[in-house]
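The values are calculated or read from the model by the stated rules, or taken from the named source; none is laboratory data. What you are looking at is a predicted structure, and each value in this text was computed from that prediction instead of being measured. Cβ coordinates were reconstructed from backbone atoms using ideal geometry, including for glycine residues, and neighbour counts include every protein chain displayed.
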Amino acid sequence: MRNQLRCSSTFGLLFFILALQPAALRADSLSAAPPDQLGKVNFPTSCAAEVQATIEKGVALLHSFQYTESEQTFADAATREPKCAIAYWGKAMALFHQLWDFPDDKTLKEGRSDIEKAQKLHLNDPREQGLINSAAAFFQKKSKMTHAERTQAYSSALEKFHAQSPGDVEFSAFYALSLVSLADEDVDTTANLQKAISILDPLLQQHPDHPGVAHYLIHATDRPEFAAQGLEAARRYAAIAPDSAHALHMPSHIFVRLGLWQDSITSNIAATASAAHAAEMHQAEFHYQTHAIDFLSYSYLQSGQEAKARELIEHTNHVVGASDEDKADHRAYLAARTTLELHRWKEAADLPVPATRKNWQDTTFWARAIGKARSGDVAGAESDVQELAQLVADREKRSKKNGYTVSAEKATDLREAEAWLAFAKGKSNEALGELRAGADRQDKDGGESVGIPAREMLADMLLELKRPSEAIAEYKTVLKNSPNRFDGLLGAARSLQASGDTGGAQSFYAKLAEICGAGADRPELAEAKTYLAQK
């Protein structure tokens, strides 16, 4: 599931987003930060003094994954001083989008060319040489290397220099990020994340204004079991680098994991406006906006604000730099998730198939299949499940071709659709088995932070089967991994009410009312208020 959104002007999106918020938040978002507030980076080099500030800006941008502007900045340094080896290193590193996507053959070749330029300058500085050699290990010419092997070669090279200079914050930060990248490639996931956290946590205390340290610690802790350890970094990062749209957004990865919905909303309103401005200045691609809008929509839904979540769907055409196809894709993605989050089964069943490339339609068919199954349209659900199965097969084939690891297990979105189809056919045990397998896989992988948990669907199914004591156990697991999810709290309250546990039901209804502010308008809140008023 992707994140994509275009804006005829930056201000169209800015004022739409700000109009959704109270006046105090609007004032905060409109106050512009002084230029180049990207965090404190001390990055001495052997380059001429006149490009030193440019190099440090490029490194700071690199730490915040502002890759386009970082590459532009390093290119400017290389133009002004062609013998500045680290500028070519920076250009290459801006092509290595760690945790996002893996460079294709053309990009690897381009990065290797920049590294070779840096190597030909015969540096005497061991620190710069270490960074360049580490990048060379990643961009090496061997065409048969897997993604994990390239990442491991890069990480091993960084580890060597980190061991020699453990106090060097740059080597330490880049090395920690490489460990997170290895975890992302399913290489010793837990061990590598824990190692990265052990490096970054003390660095955050020693270098409280360093953008990479805070940023990478958020990524390292972006799993249910580690999220609380990333809260301090999340609270700091936006203030460290307020001129980076990604830095404004990233704290919400932890806020969402911890169910801090208003914090996430505030974070992503600022990030969306900043990203729109950067895209209009041709300094960033449109996906910085759509990624923030994705998290914003999810946070509105969990805090009970249906109207605002729906408004975001209606304004997907207000994103700078997105093509019509990109806009249609993101609109379809938000609409699909929204209808299922809200349990509007007929609306999900009737979702139009977007006019986008076929391989972008998986989310729509996933939602249509579940919507039809839950509306009693078994034949229609069966047809959409077949379509989804083909899209998933094509998706996995593409991933393998591009060098990504594909699990031997059935894809969770396909399991979910097949489970609800089986349920509609009266095959309850088969349906429960599919959802339980999907839930167990998500728990193992950490789960998508802004997705509907398969375990919540499992709990919903158990409740519909009038097995509330089993349902409440699953809802409680959901809420442990995804605190304060609206439907998790609502389902738990209903399960306890059905079990005759009025006190337990009251506590979950009360929590639901607590996480939903004055602007909440989801109709299920009336149920909670009515129940609480009776007690």
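Quick notes on this structure:
- Filter pass, Leu296 being crowded, with 24+ Cβ neighbours inside 10 Å and part of a helix (DSSP H, G or I): yes
- Within region 373-404, being over 16 Å from Asp362 (Cβ atoms) and modelled with pLDDT of 95 or more holds for Ala373, Arg374, Ser375, Gly376, Asp377, Val378, Ala379, Gly380, Glu382.
- Residue check, Thr316 closer than 22 Å to Glu448 by Cβ, modelled with pLDDT under 95 and buried (at least 21 other Cβ atoms within 10 Å of the Cβ): yes
- No other residue among Leu204, Leu200, Leu108 is crowded, with 24+ Cβ neighbours inside 10 Å and either of a type in the set (Lys, Arg) or not in a loop (DSSP other than H, G, I, E, B) (or both) apart from Leu200.
- On inspection, Glu128 passes the criterion of being part of a helix (DSSP H, G or I), under 17 Å from Thr45 (Cα atoms) and among the acidic types (Asp, Glu).
- Any hit, region 178-194, residues being assigned to a loop (DSSP other than H, G, I, E, B) and crowded, with 24+ Cβ neighbours inside 10 Å: no
- Taking (1) at positive phi; (2) buried (at least 24 other Cβ atoms within 10 Å of the Cβ) in turn, Gly259 satisfies each apart from (2).
- Residue match in region 430-441 (condition: surrounded by 17 or more Cβ atoms within 10 Å (Cβ to Cβ), at pLDDT 95 or above and closer than 21 Å to Val187 by Cβ): yes
- Set side by side, the residues Ile199, Ile218 differ, and just one is among the hydrophobic types (A, V, I, L, M, F, W, C) and more than 23 Å from Gly259 (Cβ to Cβ), which is Ile199.
- The set of residues in region 477-535 being more than 32 Å from the chain's Cα centre (by Cα), of a type outside the set (Asp, Glu) and not in a helix (DSSP H, G or I) consists of Ser499, Gly500, Lys535.
- Residue identified as out of contact with any Ser or Thr (no Cβ under 7 Å at 6 or more places or on another chain), within 30 Å of Tyr531 (Cβ to Cβ) and surrounded by fewer than 17 Cβ atoms within 10 Å (Cβ to Cβ) among Lys480, Lys401: Lys480
- If you go through region 41-56 and keep only what is crowded, with 18+ Cβ neighbours inside 10 Å and either more than 33 Å from the chain's Cα centre (by Cα) or under 18 Å from Leu95 (Cβ atoms) (or both), you end up with Thr45, Cys47, Val51, Ile55.
- Qualifying residue in region 361-381 (condition: surrounded by fewer than 22 Cβ atoms within 10 Å (Cβ to Cβ), within 22 Å of Ile293 (Cα to Cα), within 25 Å of the chain's Cα centre (by Cα) and not charged (D, E, K, R)): yes
- Restricting attention to region 57-88, the residues that are among the acidic types (Asp, Glu), within 25 Å of the chain's Cα centre (by Cα) and surrounded by fewer than 20 Cβ atoms within 10 Å (Cβ to Cβ) add up to 0.
- Some residue of region 334-343 being basic (Lys, Arg), more than 28 Å from Ala241 (Cα to Cα), crowded, with 24+ Cβ neighbours inside 10 Å and within 20 Å of the chain's Cα centre (by Cα): yes
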